[in-house]
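Heads up: the structure comes next, in structure tokens.
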Amino acid sequence: MMIYGLSTCALCKKAQKALEAEGRTVTFRDVRADPLSEAELAELIAEFGDRLVDRTTNDYRGLNDWLKNSEAEAQIEAQPKVMTRPVIRDQGRLYLGWDEAVQSALLPG
């Protein structure tokens, strides 16, 4: 299982801790330190579309108008912190965020 996020993201840490507590082996990838490749980003955009960009963050509001009007790929490449987190890859499936639906899909019980 792979979690894509930021090492400073509290929600990413919460997801990782919960998954590891259930005995899951989790690899964490900080997308700021190890950016997504074009192919990886294209796969995530194909799965989640514009939901992959968190437009509620200060980082998004700090983007210039040209980037705000650009495609999600350009926004995430320019500022990885605007990516909605966490993105979780498990057995070929992708999950976005750490809401009840994602938790019930990945945690037993």
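Only one of E22, E73 is touching a residue at least 12 places away in the same chain (Cβ under 8 Å), touching a Pro at 6+ places or on another chain (Cβ under 8 Å) and of a type in the set (D, E, K, R). Can you tell me which?
Unique residue meeting the criteria: E22.
Going residue by residue through the range 50-59, is there one that turns out to be more than 21 Å from E100 (Cα to Cα), at pLDDT 95 or above, over 11 Å from the mean Cα position of the chain (by Cα) and loosely packed, with under 13 Cβ neighbours inside 10 Å?
Looking through the range 50-59, none of the residues is more than 21 Å from E100 (Cα to Cα), at pLDDT 95 or above, over 11 Å from the mean Cα position of the chain (by Cα) and loosely packed, with under 13 Cβ neighbours inside 10 Å.
Restricting attention to the range 48-70, which residues are in a helix (DSSP H, G or I) and either under 19 Å from Y4 (Cβ atoms) or in contact (Cβ under 8 Å) with a residue 60 or more places away in the chain (or both)?
F48, G49, D50, R51, L52, D59, Y60, listed by residue number.
On the given criteria, is E40 out of contact with any Cys (no Cβ under 9 Å at 6 or more places or on another chain) and more than 21 Å from R29 (Cα to Cα)?
no
In the range 1-42, what residues are of a type in the set (S, T, N, Q), farther than 15 Å from A72 by Cα and part of a loop (DSSP other than H, G, I, E, B)?
Correct list: S7, T8, T25.
Out of the range 91-109, which residues are assigned to a strand (DSSP E or B) and free of Cβ contacts under 8 Å to residues at least 24 places away in the same chain?
Listed by number, the residues that qualify are R93, Y95.
Using beta carbons and a limit of 7 Å, which pairs, at least six apart or on different chains, have the first residue in the range 29-40 and β-branched (V, I, T) and the second one surrounded by 16 or more Cβ atoms within 10 Å (Cβ to Cβ)?
Every condition considered, the pairs that remain are V31/Y4; V31/G5; V31/L6; V31/P80; V31/M83.
Being buried (at least 16 other Cβ atoms within 10 Å of the Cβ), assigned to a strand (DSSP E or B), of a type in the set (A, V, I, L, M, F, W, C) and in contact with a Leu (Cβ under 9 Å, 6 or more places away or on another chain) narrows it down to one of I76, I45, I88, so name that one.
I88
The values are calculated or read from the model by the stated rules, or taken from the named source; none is laboratory data. Note that the structure is predicted; figures quoted are calculated from it, not measured. With ideal geometry, Cβ positions are generated from the backbone for all residues, glycine too; neighbour counts draw on all protein chains shown.
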